[in-house]
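Throughout, read-outs are computed from the coordinates displayed, never taken from laboratory work. Note that the structure is predicted; figures quoted are calculated from it, not measured. For neighbour counting, all protein chains shown are included, and Cβ atoms are generated from backbone atoms with ideal geometry for every residue, glycine included.
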Amino acid sequence: MIFENVKEIEISTVNGKVEIEGWNNDHVEVSYTIHGEAEVEVEQRGEKLIIREEPKKKLLNLLGKSGWAEITIKVPRKVTVRASSVNGETRAGNASFDKVSTVNGRIELEDCEAGKISTVNGSITVTLSDFCDARIKVGRVNGTVTFEGIDPENPIIGTGEFEVKVSTVNGNIVVRRV
């Protein structure tokens, strides 16, 4: 599916796996594969694209849910993305995020602009380039924090103009500079 004139994307998943790739085209491309019983809704409202994934409820067991989707989104780098998940992983490269969060899942971002990255129970890996001008703030309750190529006492890349907040309650955090 192709969407034109998108300035903002909001992604919400329950069990889904999301992969986001920044590219040089002016349109957004969305594709997905459903596993089991799940639903994916993609809707454009003006300049905002809304993508939702959730498992279908079982009739005999109203609390039980099954199914998930793999969602791939190709997005112009200037488009701002907000992604949230309950129980799934998010991977992205060359994209701009306002916020990325999950309750129970892994987050991996490579060469992305991101304001806030958080998970309750999962690991976070952020790979940043020399040109990102980031001031990194890290918080965690249980888990390790590793800086690679960044001074842990003064985690700033370039001018430090943009703040990147990375936090987890239970999981490891790796922030690397390439």
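Relative to the Cα centre, the charge distribution of the range 44-133, modelled as +1 at Lys and Arg Cβ and -1 at Asp and Glu Cβ, gives a dipole magnitude of about 660 debye. The residues neighbouring residue 118, those whose beta-carbon lies less than 9 Å from its own, together hold a net charge of +3 under the Lys/Arg +1, Asp/Glu -1 convention. When the listed pairs 56/137; 17/78; 56/78; 17/116 are checked against a 30 Å cut-off, the alpha-carbon distance exceeds it for 56/137; 56/78. Here the contact order of the chain, divided by its residue count and restricted to Cα pairs under 8 Å and six or more residues apart, works out to 19 percent. Result for the chain in a Gaussian network model with C-alpha springs under 10 Å: among 143, 22, 122, the largest mean-square fluctuation is at 143. When the chain is treated as a GNM with alpha-carbon contacts under 10 Å, the residue of 24, 15, 104 showing the greatest mean-square fluctuation is 24. Put the Cα centre of the range 1-54 next to the Cα centre of the range 92-122 and the gap is 16 Å.
When you work out D = kT/(6 pi eta Rh) for the chain at 20 °C and 1.002 mPa s, using the Kirkwood radius from C-alpha pairs as Rh and the Stokes-Einstein form, the result is 128 µm²/s.
Between 78, 137, 57, the Gaussian network model of the chain with springs among Cα atoms under 10 angstrom shows the greatest mean-square fluctuation at 57.
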